[in-house]
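A short worksheet on the structure shown next.
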Amino acid sequence: MLTPVILIVLLSSPAVGVHFDSATSRKKAPAVVQSDVSLKCSAITALLTANGGKIPKSVDEWIKSLARFGKVNGVLAPLSRAPASTTCERPRILLALQSAPDKPGMPNLHERLFIGLTLDAKGNWTAEFISKNLSTHEFDFGVIEDFNKTDPPRLTPARRPEPSA
């Protein structure tokens, strides 16, 4: 069962120690992120690796995939500014973990992975993610479009701006 939360509270909480084996993730990174070196140490890669290298195909699968790492919190955002297709009938679903995993050896994705799921008017689901990257010590941003219809779904990381000289 999902527990509603306010996402801004999750983002402003103090960080918890990292338990993410970046060497293991590089070796076992799912094919969907193999071509993008920047995501190999990112929390989204740990989630997909634990999911057998597959992108979840439904909201239920996203929740079950996250639940492997701890208790899942969710909130419905019916009138979101982005994307414009959110309505009371098609709210945006925001997912995050409430706490660190209680199983030894599991990567800690608490406060490191945030997922926004949106259904458009044509029935296509899109997942947007904010994912902590342990190699860059920054958050990665990206989108997985049409994850319920495209096989395999396309994961597109947002490109970081080039540093100015």
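Seen from residue 148, the other residues with C-beta closer than 12 Å to its C-beta sum to a net charge of -3, counting Lys and Arg as +1 and Asp and Glu as -1.
The gain in end-to-end length when the residue 121 to residue 145 segment is fully stretched comes to 7.3 nm, 0.36 nm per residue minus the alpha carbon separation. Along each principal axis, taking the top coordinate minus the bottom one, the Cα set of region 40-82 gives 33, 20, 19 Å in descending order.
Using θ = phi - 60° in the Karplus curve 6.51 cos²θ - 1.76 cosθ + 1.60, the 3J(HN,Hα) couplings for region 39-49 round to 9, 5, 10, 9, 4, 4, 5, 4, 5, 5, 4 Hz; x is entered for Gly and Pro.
Rule-based calculations on the coordinates, nothing more; no lab input. On a predicted model such as this, the values are computed, not experimentally measured, just so you know. With ideal geometry, Cβ positions are generated from the backbone for all residues, glycine too; neighbour counts draw on all protein chains shown.
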